[in-house]
Amino acid sequence: SSETVKTLVQSGQFDLGFAADEIDRAGVKASLFANPDAVCVLPSTDALARKSILTPQDLADERFISLASEDAARARIDRAFDDAKVKRRIVVETQYSATICNLARSGAGVGLVNPFALIGLDLSGLAVLPFKPSVKFRTLLITPPSGLVSQAAQAFIAMAERELPRA
């Protein structure tokens with residue numbers, strides 16, 4: 001979890017970490033690393049999988065797999081649905097985008113996730129579609145409070161920045 005990563009960086013066990021923006025930033029230096037748009041995941045056999053983009057209105061009658069209420073991205077997702085005056089039928093809540101993906105693949109419903117959670121994940125049986133309006137997943141780079149990082153960590157950060165998808 002992001003809090004565990006923060007604790008490991010704060011204690012000096014990790015040189016750096018990536019965390020969601022809801023962490024308590026006390027004891028670490030945090031800066032915005034990435035701000036990707038949420039994507040919608042659903043079973044590839046779902047009729048909605050044939051659409052090119054999904055909106056809150058498309059998901060009005062769908063079983064919705066949600067992030068946990070303490071997640072900062074959850075508040076942004078809730079706002080997108082509230083602004084569209086669309087009620088969701090939340091069937092389960094979880095802390096992790098990867099869990100939403102696996103539940104969606106199994107047919108439990110649809111959900112909005114951080115696209116970084118898809119990296120390395122088996123996407124078979126899963127459709128991944130853009131969602132509008134844009135809902136951001138803010139990813140922080142955290143380092144020790146001094147902000148000093150090793151040359152190896154600096155090189156890793158530079159490589160990670162080069163690998164970020166360009167919007």
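Since every read-out is calculated from the coordinates, none of them should be taken as a lab result. None of the values given here were measured: they were computed from a predicted structure. Using ideal geometry, Cβ is built from the backbone for each residue, glycine included, and neighbour counts are taken over all protein chains shown.
Each residue, THR7 and ILE53, gets one label point 7 Å from its Cα in the Cβ direction; the gap between the two is 4.2 nm. Judged by the mean number of other Cβ atoms found within 10 Å, the most tightly packed of the peptides 126-136, 50-60, 101-111 leads the ranking 101-111, 126-136, 50-60. Beta bridges assigned by DSSP with both partners in the chain are antiparallel in approximately 70 percent of cases.
Taking every DSSP helix (H) stretch of at least 4 residues in the chain, weighting each as -39,500 (n - 2.57) and dividing the sum by the residue count yields a mean residue ellipticity at 222 nm of -7500 deg cm²/dmol.
Filter the GluC sites (Glu not before Pro) in the range 66-167 to those in DSSP coil with at most 14 other Cβ atoms within 10 Å of their Cβ, and list the result.
Details: sites: GLU70, GLU93, GLU161, GLU163; in loops: GLU70.
Sparse-neighbourhood loop GluC sites (Glu not before Pro): GLU70.
Eigen-decomposition of the gyration tensor built on the alpha-carbon atoms of the range 10-167 gives equivalent ellipsoid semi-axes of 31, 17, 14 angstrom, largest listed first.
In the range 26-66, a dipole from Cβ-located charges (positive for Lys and Arg, negative for Asp and Glu) runs towards its positive end, and of THR45, SER66, ALA26 it is ALA26 whose Cα lies farthest in that direction.
Rounded to the nearest Hz, the phi-derived 3J(HN,Hα) couplings of the range 114-121 under the Karplus curve 6.51 cos²θ - 1.76 cosθ + 1.60 (θ = phi - 60°) are 6, x, 5, 5, 7, 5, x, 7, where x marks glycine and proline. Per the Kirkwood treatment, what hydrodynamic radius in Å, one decimal, follows for the range 73-159 from the mean inverse distance over all distinct Cα pairs? Value: 15.6 Å, from the Cα pair sum.
With a cut-off of 11 Å between beta carbons, the residues surrounding ARG89 carry a summed charge of +1, where Lys and Arg count +1 and Asp and Glu -1. Other residues whose C-beta falls under 14 angstrom from the C-beta of PHE156 contribute a net charge of -2, scoring Lys and Arg +1 and Asp and Glu -1.
Look at the dipole of the range 71-111 built from charges on Cβ: of TYR96, GLY111, ALA75, the Cα furthest out on the positive end belongs to GLY111. Pairwise Cα distances in the range 1-73 exceed 17 Å in 58 percent of cases. By the compact-protein rule of thumb, 2.2 N^0.38 Å, the alpha-carbon radius of gyration of the range 126-167 corresponds to a ratio of 1.66. Is the range 43-101 best put as rounded, prolate or oblate by its Cα gyration tensor, with a ≥ b ≥ c the root eigenvalues, rounded for a/c under 1.5, and otherwise prolate when a/b is larger than b/c, oblate when not? Oblate shape, in that a/c is at least 1.5 and b/c is the bigger or equal ratio. Shown for the chain: lysine pairs separated by 8 or more places, or found on different chains, whose C-alpha atoms are under 29 Å apart, numbering 11.
Amide H to amide H, with H built 1.01 Å from N, ILE90 comes under 5 Å of PHE64, counting only residues 5 or more places away or on other chains.
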